[in-house]
Amino acid sequence: MSPASSPDGPPSPARPANSSGGGPDTNATDRPPRPRAATETAPPADTAGPAQTAAPTQTAGPAGPAGAAERATRDLAAQFEDEKPGRVLAGPAALLLGTVALAVGALALWQVFRPLAQGSKYYLIIFLAGVLPLVFLAYPADLPRWTRLRRRRQASASKEHTASTEHTASTEHTASTEHTASTAGPADSTGPSAASTRPTVADWVLAAVAVAACLYPVLPITIGTGGGGYNAFLDRQGLLAPTDLVLGTVLLLLLLEACRRTTGWILPAVCLLFLGYGYYGGLLPQSWPVAHAGLDFRQLVDAFYNSDSGFYGTPLDVAASYIVLFTIYGAVLELSGAGRFFVDLSAAAFRRSRTAAGRTAVASGFLLGTVSGSGAATTVSIGAVTWPLLRRAGYPPERAGGMLAAAGVGAILSPPTLGAAAFIIAEYLGVSYLQVLGWATVPTVLYYLGILLSVEIDARRSGVQPVVLDVGSPWRLLGRFGYHFASLIAIIVFLAVGVSAMRAVVFAIVLTAALSWLDRTHRLTPARLVTALVTGVRGVLAVTAVCAAAGIITATTTKTGLGPQAAALLIGGAKAATSNPTLVLVLTALLAAVALSLLGLAVPVTASFVIGWVIVGPALLDLGVTAPAAAMFVFYFAVLSEVSPPTALAAVAAAAVTGGRLVPTMWQTLRYALPAYLTPIAFVITPTGLGLLGIGGVQQVAIAAVVTALSVAVLAVSAGGWLPGVGPAGAPERVLGAVGGVTLLWLEPVPVAVGVALAAIAAVGVLVRRGSAGRPQTPTDTGRPQTPAQGRPRTPTEERL
């Protein structure tokens with residue numbers, strides 16, 4: 001994919017300030033640029049909503065460079081997401097998937113205002129019965145390589161035989177040409193073979209079996225001693241009939257396969273590990289802390305299939321009640337043109353700034369997070385538009401990639417549409433979603449403060465030159481298209497007045513659809529609303545599979561008591577190093593952070609949070625950490641897996657966009673995202689730190705926010721090696737500043753005083769260094785040529801850079 005490609009068409013024109021190579025813009029007008037969404041160049045059905053990647057099934061996009069750029073960006077985003085890209089469906093399969101998805105979306109909206117009389121579990125059974133079969137149609141089996149090669153050779157031999165028998169009367173040249181066309185047809189030209197674009201017989205069988213296994217609990221059909229309808233099924237809880245056991249086992253296997261297809265083999269392996277622990281844990285020596293009495297297979301299936309903590313537990317409830325509605329909302333918002341508007345507004349707001357390119361990338365990541373609550377997908381989206389600007393400004397690919405990845409991951413951390421795990425927090429703690437948004441507000445501000453400070457530091461340290469963005473006034477843009485913010489504000493207002501999150505997002509969908517008629521290009525007609533509904537359901541397929549499979553983990557943990565046992569092990573490890581209660585808490589938090597980071601490398605964010613909450617959460621709670629602080633601690637470190645080496649999906653995606661080296665890009669991403677790693681530690685280890693979550697009085701919140709902001713600033717200077725307005729910082733000043741910045745995170749009077757003193761000494765050291773060396777010139781990046789001076793034509797070498 002060309003780095004200059006944009007998901008919404010070509011980016012806004014940009015040129016270096018005062019450069020001689022940029023002539024007058026013949027296309028410029030006095031009116032602000034019209035925001036363009038991906039739907040202008042691609043079918044609306046391919047739009048992705050929050051908490052998702054690309055739509056799991058796609059259709060062919062439009063012809064032309066703009067459509068090709070949009071499809072390339074979408075496919076690139078899918079490669080680096082937790083979930084795998086899906087099939088390109090057509091014909092009856094696409095029609096069936098769209099019809100079922102539309103029915104599921106309509107049911108989800110109906111459930112908000114007219115809940116099913118049988119209860120929420122009954123709704124979850126119906127929802128899973130509609131979604132799980134679609135997973136097998138939308139996602140290929142992705143067989144092992146040797147199997148794929150064997151099938152490809154068989155298909156090639158079959159086609160060669162057909163060509164030789166059907167064209168014996170043709171010349172050798174004609175037969176050869178036709179054979180080539182048959183083996184490398186249109187499907188090959190676009191990547192996947194024709195067989196991979198349509199469900200196989202096995203996929204249809206699995207989909208049919210999934211329908212039967214999911215609907216069995218509610219079907220009023222007696223099968224032996226089982227069946228008999230929903231109430232009869234619930235009455236057999238703890239006493240499953242043989243039919244219940246068989247179909248429960250089938251559903252267990254289907255969910256594991258669905259997870260494997262959508263996220264890879266690691267999450268199913270983790271689920272099987274918990275399943276094995278539940279079954280064989282009774283064989284462990286009873287002196288071991290993690291040993292338990294043991295569960296037979298019937299007990300495990302009963303916990304999964306016929307309890308409120310298994311398949312139909314809180315994670316699936318969140319997916320079916322909240323996430324699907326927010327993905328529909330994201331699709332509607334994107335189809336209304338909001339995505340392109342947010343990027344254009346970011347560019348217009350900073351068009352005259354020296355660091356316009358960097359600020360535009362950061363602001364775009366924050367605003368696009370309201371449309372897509374996915375880190376890697378947001379990284380690719382903003383990178384495709386802003387990387388050409390960053391390159392012209394003189395940013396090295398690795399540094400630009402780190403900035404893009406950190407800004408993209410902010411999409412999962414930023415209100416009002418946090419990642420899927422935030423809804424699970426609200427359900428687990430029994431609080432409103434608005435309260436969770438309140439907890440995330442100050443950490444989000446601190447996160448973006450750290451990124452913006454790093455952008456400013458890099459601009460001066462690297463000799464970044466200004467880039468003129470040929471965009472109009474931000475006030476004109478807001479005046480014409482500012483209505484895109486209305487639905488986001490409406491969600492907050494509805495939540496504030498006591499409206500449930502589900503109803504608030506439905507009202508926001510209605511408002512967005514109504515306001516879209518202010519723009520002729522993006523009017524949400526009934527047909528496009530149907531498309532958005534289908535897109536939202538398709539975007540939640542993988543999340544649903546993950547949430548249902550997470551029931552295996554939660555049910556096993558509940559039945560075996562693994563949570564308290566693991567918490568005791570974690571605390572015991574910290575107490576082995578020290579007996580001081582405060583240090584025990586600090587060490588436990590650090591061990592938990594490492595464990596959560598490692599866990600997040602292997603499984604998606606939602607599953608990582610669920611596992612972390614049942615394993616790490618009890619340890620923090622036992623040490624006196626409040627439930628909100630413990631939950632947000634687990635949430636942040638589950639999310640940060642997207643920027644944590646060696647996987648760092650967002651950094652990998654950014655490197656693919658910029659063409660930078662992968663490992664340096666990961667380290668740059670860590671530098672930009674540093675506040676997100678440190679802030680959770682601050683609100684866990686001290687009571688004052690709860691002010692970072694908005695808990696406590698105004699004074700506590702203000703003190704915690706100001707001191708932590710100072711810590712973020714000092715750490716940004718130490719990591720960047722440059723004190724704005726003064727000059728470069730040497731190694732001693734950087735080390736001293738880093739120690740001071742970390743000390744400031746201990747929000748108690750003495751540590752804060754020590755941290756301020758160390759930071760002041762570091763700043764004085766930088767001033768002394770500047771005085772002894774004279775006024776420094778803006779340096780260049782190590783190993784990088786100086787950015788061309790303003791007004792001088794760029795050389796070919798500089799153009800390549």
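Rule-based calculations on the coordinates, nothing more; no lab input. Since we're looking at a predicted model, the values are computed, not measured. Neighbour counts run over all protein chains shown; Cβ positions are idealised from the backbone, glycine included.
Taking θ as phi - 60° and the Karplus parameters 6.51, -1.76 and 1.60, the scalar couplings of segment 330-336 work out to x, 5, 5, 5, 5, 5, 7 Hz in sequence order, x denoting glycine and proline. Sequentially through segment 756-771, phi angles give Karplus couplings (6.51, -1.76, 1.60; θ = phi - 60°) of 5, 4, 5, 5, 5, 4, 4, 5, 4, x, 5, 4, 5, 4, 5, x Hz, Gly and Pro residues having no value and appearing as x. Label-to-label distance for residue 497 and residue 96 is 4.5 nm, based on points extended 7 Å past Cα in the beta-carbon direction. Once Rg and the Kirkwood radius are both taken over the C-alpha atoms of segment 672-743, their ratio Rg/Rh works out to 1.04.
Efficiency by 1/(1 + (r/R0)^6): what FRET value for residue 590 and residue 427, r their Cβ-Cβ distance, R0 = 35 Å, to the nearest 0.05? The partial results should precede the final answer.
Values: r = 28 Å, r/R0 = 0.80.
With R0 = 35 Å, the Cβ-Cβ based efficiency is 0.80.
Taking the alpha carbon gyration tensor of segment 196-252, multiplying each eigenvalue by 5 and rooting it gives semi-axes of 27, 11, 8 Å, largest first. Compute the distance from the alpha-carbon center of segment 236-262 to that of segment 431-502, in whole Å. Spelled out, the Cα-based centre of one part sits 44 Å from the other.
Rounded, prolate or oblate: which one fits segment 403-532, using the alpha carbon gyration tensor with axes a ≥ b ≥ c (rounded when a/c is under 1.5, else prolate when a/b beats b/c, else oblate)?
Details: a/c = 2.44, a/b = 1.20, b/c = 2.03.
Oblate is the answer for segment 403-532, as a/c is 1.5 or above yet b/c matches or exceeds a/b.
Residues whose amide H lies under 5 Å from that of residue 226, counting only those 5 or more places away or on a different chain, are 243; hydrogens are built 1.01 Å from N in the peptide plane.
Where nothing but the Cβ of Lys and Arg (+1) and of Asp and Glu (-1) is charged, how large is the charge dipole of segment 248-385 around its Cα centre, in debye to the nearest 20? Can you show the working numbers first?
Working: 8 positive and 7 negative charges, 177 e Å.
My answer is approximately 860 debye.
Spin-label model, residue 699/residue 299: points 7 Å from Cα along the beta carbon direction are separated by 5.4 nm. Distance between the pseudo-spin-label points of residue 212 and residue 568 (7 Å out from Cα toward the beta carbon): 4.5 nm.
Taking amide H positions as modeled 1.01 Å from N, with prolines and chain starts lacking one, the residues under 5 Å from residue 722 and 5 or more places away or on another chain are 729.
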